[in-house]
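Down below is the structure, laid out as structure tokens.
Read-outs: derived from the displayed coordinates by stated rules, not from any lab. For clarity, every value in this text was computed on a predicted model and none was experimentally measured. Cβ: placed from backbone, ideal geometry, glycine included. Neighbour counts: every protein chain shown.
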Amino acid sequence: MKKILTALALGASAVFASGAADAATLDQVKQKGFLQCGVSTGLPGFSNPDSKGEWTGLDVDLCRAVAAAIFDDPSKVRFSPLTAKDRFTALQSGEVDILSRNSTWTLSRDATQGLNFTATNYYDGQGFLVRKSLGVKSAMELNGASVCTQSGTTTELNVADFFRSNNLQYEVVAFQGQEETLKAYESGRCEVFTSDQSQLYALRLKLADKDEHVILPELISKEPLATAVRQGDDQWFDIVKWVHYGMLNAEEAGITSQNVKDMLNSPNPDIKRMLGAEGNFGEQIGLTKDWLARIVTKVGNYGEAFDRSVGKGSPLQIERGKNALWSKGGLQYGPPIR
Amino acid sequence: MAITHDGPAPAARPQSTSSIWNDARFRGNVAQIVVVAVVALLLGAMIWNAQENLSNQRIASGFGFLNQTAGFGLNQTLIPYNESSSYGRALLVAILNTLLVAVVGIVFATILGFLVGVGRLSKNWMVRKVCTVYVEVTRNLPLLFHILFWYLAVLAAMPAARNSYSIFGEVFINNRGVYIPRIVFGEGSHVGFIAFAIAVVCVIVLNKWATARREKTGQQFPVFWTSVALLVGLPFVGFALVGFPLTLETPVLKGFNFVGGSRLLPEFAALVVALSIYTGGFIAEIVRAGIKAVSHGQSEAAASLGLKPNLSTRLVVIPQAMRVMIPPLTSQYLNLTKNSSLAAFIGYPELVQVFAGTTLNQTGQAIEIIAITMGCYLVISLVTSLFMNWYNRRVALIER
Ligand SMILES: N[C@@H](CCC(=O)N[C@@H](CS)C(=O)NCC(=O)O)C(=O)O
């Protein structure tokens with residue numbers, strides 16, 4: 001229902017709008033006084049309301065960082081929980097300013113959905129979750145299996161590719177929401193639950209008998225989970241992109257939420273530029289000089305957000321792996337701030 | 001040519017200029033043409049504007065996507081489909097799946113509704129109460145609840161494939177659905193099919209003849225049992241002639257699931273059961289109201305003619321009640337069809353799930369897809385209505 005409403009809203013706006021270019025998103029956000037951020041309906045580690053109803057997670061932290069950079073207040077964010085199906089329409093129709101919801105960056109989404117991916121917040125790949133009692137050690141042993149997944153995801157397409165290219169029989173059962181998908185898997189409708197691997201770690205926590213399930217070793221796809229903004233507003237695109245890169249640069253330079261105050265006095269020119277003691281880099285993208293200092297003070301650097309949400313400081317216990325900084329053998333690489 | 005012709009001038013039709021605008025028919029036509037033109041222009045402008053805006057926002061538009069490869073799998077396809085089929089093909093599969101649920105649901109809901117509706121008027125206290133409880137319980141719970149109950153609660157109680165409930169080793173029930181043996185028709189089976197077709201024709205002719213005879217002479221003929229005998233007997237003889245080229249393909253457990261035989265998806269089963277039970281409650285009330293609407297004098301008159309209560313219900317009351325029942329019944333059928341879209345919650349691959357869901361998300365073409373989806377439901381609903389209206393007129397004609 002919601003989907004149809006959003007689609008109708010989009011239709012109406014497309015049909016009746018005058019065609020004039022959108023006002024700058026940054027100005028709109030400042031005028032509203034808060035950022036509207038599209039997240040998942042609840043995925044531990046990425047975007048999930050905690051026991052107090054506060055949204056937490058790596059995807060949530062990106063939105064909080066943008067709010068911190070604009071308002072110097074990470075709480076000036078409102079979250080819109082979106083299912084996989086609804087997310088892009090919500091961004092297109094202007095319901096959200098940012099889509100920060102474990103969404104895979106693909107060519108067709110980039111080209112045809114009226115959006116731009118800013119940067120990859122988490123490098124992932126698709127995996128399989130099965131019951132231990134099945135005795136399956138590898139995905140290649142899944143011939144004839146029923147697979148539960150969420151509809152409207154890259155997951156749904158990858159699983160078809162995987163089984164087809166390996167000449168394995170399968171049956172896919174696709175559900176609209178994550179709750180239903182997980183319930184069906186739990187009730188034994190499927191041998192396999194498939195999703196991005198990080199999400200398997202997260203959702204396994206939600207299972208009643210979580211130790212009875214294993215994640216198979218294979219990763220069958222590349223899933224760069226990236227943040228997206230509406231196409232056509234380059235300033236906003238730059239801001240969201242550089243907030244992520246800023247957090248990476250801060251981690252690389254060793255600036256943390258603990259030491260940022262002291263770092264302000266650092267003689268290191270790199271750090272001086274980042275924290276706004278030298279140059280006007282924040283202003284060049286429409287923010288303030290101290291944009292990154294605000295972010296790191298209020299939200300932390302990328303590594304801090306990672307550890308707290310999905311890493312060692314979280315129940316998920318995911319290794320940095322591909323999400324380590326490039327200097328530590330990973331893929332996260334922030335272009336220089338200068 | 002007629003214009004330049006200077007013959008007897010307008011004088012021949014003295015009031016022509018003033019009368020044409022005084023003619024209500026003419027004025028009406030002009031007004032209609034103007035309205036249609038304005039609406040068409042507006043629509044054209046809207047479509048043009050939408051295209052312009054979508055291309056400005058870099059959102060794909062147009063219907064070309066229907067020919068592109070879908071890339072996703074579907075687990076119930078009434079026509080051949082695989083991952084390399086097009087989105088258009090996936091749409092077709094989805095429409096057929098919606099129709100299947102709708103048709104099967106309507107049949108079951110109607111049977112259930114009639115039984116319960118008549119039961120509510122039964123003289124038997126027990127039957128009456130059971131039927132009342134059924135109606136109250138089903139009508140007063142949200143449909144989504146029915147669907148989730150039949151899907152999740154019942155599914156969770158089903159065993160895994162390896163421990164399936166087995167009926168004579170032929171039918172298997174587990175959390176993957178119901179597996180039944182499939183009859184495989186071998187060489188020569190067409191003889192049997194032809195025999196069946198002949199039987200159908202015979203039954204129709206027999207019916208016509210028996211009705212005509214009854215109306216002329218009042219004599220009854222056991223049409224029902226003769227028909228059954230024909231429909232079973234003739235094909236049997238036909239298949240016997242070619243030596244029964246039929247084999248039974250029994251489902252067997254292979255790996256995780258059963259292979260072979262025919263399979264009823266649990267999603268399909270849950271949806272049909274939920275829709276039938278839910279809509280059956282409403283239909284029962286329609287049936288009860290319809291029967292009540294037939295004046296008591298009718299059954300008294302029938303009784304005084306010596307008709308037994310059963311016959312009087314069947315021949316006198318129900319035909320008249322039908323006339324009252326058909327219009328509300330039509331809207332229940334339409335509701336059931338549209339309600340099948342709640343299947344998205346349990347992953348049955350129907351129109352909303354496959355097309356307005358997966359396809360929309362993969363292609364991002366919200367406007368086109370929602371328009372097509374609405375169009376599909378509209379066509380299905382209109383066809384249902386047309387059929388029911390036709391039937392309504394047929395029933396109504398019996399009145400003398
Ligand atoms: N990365 C994939 C899949 C993303 C996805 O939606 N995953 C599911 C995993 S079950 C999810 O996060 N669902 C949460 C929700 O629907 O709120 C994509 O972009 O298509």
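Structure values in brief
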item: 37 °C / 0.692 mPa s Stokes-Einstein diffusion coefficient of chain B, Kirkwood radius on C-alpha pairs, µm²/s; result: 122
item: Total formal charge among the other residues, if their Cβ is under 15 angstrom from that of B:Val171, Lys/Arg +1 and Asp/Glu -1; result: +1
item: The stretch A:60-111: projected area of the alpha-carbon convex hull, averaged over directions, in nm²; result: 4.0
item: Stokes-Einstein D for chain A, Kirkwood Rh over Cα pairs, 25 °C, 0.890 mPa s (µm²/s); result: 117
item: Inter-chain Cβ neighbour average for residues B:150-158, partner chain, 10 Å; result: 3
item: Normalised per residue, the volume of the convex hull around the Cα set of the stretch B:158-287 (Å³); result: 163
item: Cβ neighbours within 10 Å from other chains - mean over B:348-355; result: 2
item: Kirkwood Rh in Å, taken over the protein assembly as shown so that all alpha-carbon pairs contribute; result: 30.8
item: Cut-off 13 Å between beta-carbons: net charge of the residues surrounding B:Ile95, Lys and Arg +1, Asp and Glu -1; result: 0
item: Diffusion constant of the stretch A:126-215 at 20 °C, which comes from Stokes-Einstein with the Kirkwood Cα-pair radius and 1.002 mPa s, µm²/s; result: 167
item: Computed over chain B: relative contact order in percent, which uses C-alpha pairs under 8 Å that are six or more apart; result: 21
item: Candidate aspartates and glutamates - alpha carbon under 13 Å from A:Lys85, same-chain residues fewer than 8 apart omitted; result: A:Glu156
item: Out-of-range pairs (alpha-carbon distance over 32 Å; input A:Lys210/B:Lys254; B:Lys292/B:Lys338; A:Lys52/A:Lys137; A:Lys32/A:Lys322; A:Lys32/A:Lys210; A:Lys76/A:Lys328); result: A:Lys52/A:Lys137; A:Lys32/A:Lys322; A:Lys32/A:Lys210; A:Lys76/A:Lys328
item: Cα-based convex hull volume of the stretch A:83-156 per residue, rounded to whole Å³; result: 125
item: Percentage relative contact order, the stretch A:109-261, counting C-alpha pairs under 8 Å, at least six apart; result: 40
item: The stretch A:28-169: Cα Rg divided by the 2.2 N^0.38 Å rule of thumb; result: 1.24
item: Mean Cα-pair separation over length for the stretch A:126-215, i.e. relative contact order, pairs under 8 Å, 6 or more apart, %; result: 45
item: Charged-residue dipole, Cβ positions (Lys, Arg, Asp, Glu), the stretch A:126-215 about Cα centre, Debye nearest 20; result: 140
item: Reachable aspartates and glutamates, given that their alpha-carbon falls under 20 Å from the alpha-carbon of B:Lys308 and they are not under 8 places away in the same chain; result: B:Glu215, B:Glu300
item: Cβ crowding within 10 Å averaged over residues, with A:135-143, A:234-242, A:99-107 ranked highest first; result: A:99-107, A:234-242, A:135-143
item: Exercise: per-residue mean of other protein chain Cβ atoms within 10 Å, B:40-51; result: 2
item: Helical contribution to [θ] at 222 nm, DSSP H n ≥ 4, -39,500 (n - 2.57), averaged over the protein assembly as shown, rounded to 500; result: -16000 deg cm²/dmol
item: Prolate/oblate/rounded label for the stretch B:162-212 (Cα gyration tensor, a/c 1.5); result: oblate
item: Sparse-neighbourhood loop sites, GluC sites (Glu not before Pro) in the stretch B:187-294 - DSSP loop, at most 10 other Cβ within 10 angstrom; result: B:Glu187
